[in-house]
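Read the figures in this text as sums done on the coordinates, not as results from a lab. Remember, predicted model here, so these are calculated numbers, not experimental data. Positions of Cβ are backbone-derived with ideal geometry, glycine not excepted, and every protein chain shown enters the neighbour counts.
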Amino acid sequence: MAQHDYINKKPANRNNKKQAPAKKPFPIILVLIALILVGGFGYGLWYIKHNADPELVEQQTNPTKKEEVVIPPPKTPEFIKEIKEHEVQVEVKEIEQKGPYVMQCGSFRTLEQAQTLKAKIAFAGLVAEVKKTEGSNGVWYKVRLGPYETKRLAESDKNKLKRIKIMGCGIWLWT
């Protein structure tokens, strides 16, 4: 079967030519209505200008100053005065301090690893110490910070260490 070339094929001549639309007549009625409206508007302006009350026109062009009416400020209600003068007494309780706190950030088998963590903590602006402890399962090197008077101070330093990616620090009572 032969293939057909539909792209380059020219359409067959058709005798159905469309006729041009008929020209619309000039809208005389709309033009007359527009002229009547514009003329009526102009007449209205002329009528207002020539038939205005001369006293009102004079009063509008040269206004006289009226006496200023002084409005007294509103009186403040009684309860607002009481609120301003009221004094609140709060009982402040002293919070018991449990004792000094210490923060431990690591426990290592080698002194070199402990010294590396201590150096990272020093870059955060904090002072740490490496403490050697001997237990039943060998020698351990603990990296500690503190002592802190309050747990809030210890939490503050713990957050500083979290910002430089040192995680896993624990806060305990110092014994």
Area projected by the alpha carbon convex hull of the stretch 70-115, averaged over all directions, nm²: 10.0 nm²
Going down the table (Lys93/Lys131; Lys98/Lys131; Lys93/Lys118; Lys84/Lys151; Lys98/Lys132; Lys132/Lys160), which pairs top 28 Å between alpha carbons? Lys93/Lys131; Lys93/Lys118; Lys84/Lys151
The chain: relative contact order as a whole-number percent, Cα under 8 Å and 6+ apart: 20 percent
Project the alpha carbons of the chain onto their principal axes and report the range along each, largest first, in whole Å. 116, 105, 27
So for the pair Lys75, Trp174, with labels modelled 7 Å out along Cα→Cβ, what separation do we get in nm? 6.5 nm
For the stretch 107-167, averaging the sequence separation of alpha carbon pairs under 8 Å that lie six or more residues apart and dividing by its residue count, the contact order in percent is 31 percent
Can you pull the one-decimal nm distance between simple spin-label points at Tyr43 and Gln19, each 7 Å off the Cα toward Cβ? 4.4 nm
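What GluC sites (Glu not before Pro) does the stretch 48-84 have in DSSP loop regions with at most 12 other beta carbons within 10 Å?
Glu67, Glu68
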Once Lys and Arg get +1 and Asp and Glu get -1 on their Cβ, which of Ile95, Ala22, Gln60 lies farthest toward the positive end of the dipole of the stretch 14-95? Ala22
Using a Förster distance of 41 Å, how high is the FRET efficiency between Val139 and Val90, based on the Cβ-Cβ distance and rounded to 0.05? 0.15
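Hey, got the dipole for the chain? About the Cα centre, +1 on K and R Cβ, -1 on D and E Cβ, debye to the nearest 20? Walk me through the intermediate numbers first.
Working: 29 positive and 19 negative charges, 435 e Å.
Using Cβ point charges on Lys, Arg, Asp and Glu, the chain gives about 2100 debye.
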Multiplying the sequence separation of Thr110 and Asp53 by 0.36 nm and subtracting their Cα-Cα distance, what value in nm do you get? 9.7 nm
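Just to be sure I understand the rule: take each whole DSSP H helix in the chain, project its Cα atoms onto its long axis, keep it if the span is 24 Å or more and its mean Kyte-Doolittle hydropathy is at least 1.0. Which ones pass?
Taking the DSSP H segments of the chain (at least 24 Å long, mean hydropathy at least 1.0), we get 28-50.
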In deg cm²/dmol, rounded to the nearest 500, the helical mean residue ellipticity at 222 nm of the chain, built from -39500 (n - 2.57) for every DSSP H run of length 4 or more, is -12000 deg cm²/dmol
With a Cα-only, solvent-free Debye model of the stretch 75-175, what are the log10 I(q)/I(0) values at q = 0.10, 0.15 Å⁻¹? -0.43, -0.67
Let me spell out the model: positive unit charges on the Cβ of Lys and Arg, negative unit charges on the Cβ of Asp and Glu, origin at the Cα centre of the stretch 98-166. What dipole size does that give, in debye rounded to 20? 260 debye
